[in-house]
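The values are calculated or read from the model by the stated rules, or taken from the named source; none is laboratory data. Remember, predicted model here, so these are calculated numbers, not experimental data. A quick note on method: Cβ atoms are made from the backbone with ideal geometry, for glycine too, and the neighbour counts reach across all protein chains shown. Heads up: the accessible areas ignore ligands, DNA and RNA and are worked out on the full protein's heavy atoms, side chains in. Shrake-Rupley method; radii C 1.70, N 1.55, O 1.52, S 1.80 Å.
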Amino acid sequence: MSWFTATATWPFWVALLLILGIAVLEGIGLLLAVSPSNALDAWLPDFDDAEWLGRVLGWLHLGRLPSLVLLLLFLTGFALFGFALQHLLLTLTGHALPAVIASLFALPAGLAGTRSLGGVLVHVLPRDESSAVSDQSFVGRSAIISAGHARRGLAAQARVKDQHGRTHYLMVEPDLEEQPLAEGSEVLLVSKPGSFYRGIPHPHPTQPSDTTSH
């Protein structure tokens, strides 16, 4: 049908392309042993549940499901509702809504879909995969700088295992300005004063340098 290529449906095509792009990104990350979803979660700031934004994000299950999963749910609901709305109007009236107006109608549908489907996934997925691990639980754990060289003010990606043996990717910067952390080095996470963790060279490293690991 011509409405599939009409300008009235372009926001929903963009949403579908984003879904495809995220899937490709996750696939590449799987091949490289890097999790874009965990990296994004590590970059996101902590939201106060007492503030309206924190309450909204909590309502959408942020913290109980990976942020990329929630984004995929939103984009899916947004695109499906938008296509269905434009198709219905075109069938009944012979005219579709302008793309911007149709998008405004599709936004609540995307949020509602994220809320409802996210609630299902929270209960369906294994608990140690879907429930959030406390940020502070990583303090005191050993991590490997897996991408980049960390300097004060310039964090690098590090991988660390939680108490369930699951690998997470965090952003780490040196606790001491004069002690940069090289890629492949083992560090000890000592604090999390903000969005990034602070680390020091591990005083008793448990494995040799891994400069090629990502």
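Yes/no per residue for (1) open to solvent by less than 70 Å² (accessible area, probe 1.4 Å); (2) charged (D, E, K, R); (3) closer than 20 Å to His202 by Cβ; (4) modelled with pLDDT under 85:
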| residue | (1), (2), (3), (4) |
| --- | --- |
| Thr93 | no, no, no, no |
| Leu104 | no, no, no, no |
| Val120 | no, no, no, yes |
| Val124 | no, no, no, yes |
| Ser146 | yes, no, yes, yes |
| Ala155 | yes, no, yes, yes |
| Lys161 | no, yes, yes, yes |
Per the list (1) open to solvent by 30 Å² or more (accessible area, probe 1.4 Å); (2) touching a Phe, Trp or Tyr at 6+ places or on another chain (Cβ under 7 Å); (3) at pLDDT below 90, residue check on Gly63 breaks on (2)
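Going through Leu97, Leu72, Leu85 one at a time, which residue ends up being farther than 25 Å from Gly58 by Cα and in a helix (DSSP H, G or I)? I'd like the intermediate steps shown before the answer.
Working: Leu97 fails: in a helix (DSSP H, G or I); Leu72 fails: farther than 25 Å from Gly58 by Cα.
One residue alone meets the criteria, Leu85.
Would you call Pro45 surrounded by 19 or more Cβ atoms within 10 Å (Cβ to Cβ), modelled with pLDDT under 85 and not hydroxyl-bearing (Ser, Thr, Tyr)?
In short, no.
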Of the conditions (1) at pLDDT below 70; (2) open to solvent by less than 70 Å² (accessible area, probe 1.4 Å), Thr5 clears all except one; give me its number. (2)
Quick one: what pairs do we get from the stretch 186-208, first residue closer than 11 Å to Ile145 by Cα, second of a type in the set (Asp, Glu) and at pLDDT below 80, C-beta under 9 Å, 6+ apart or different chains? Glu186/Asp210
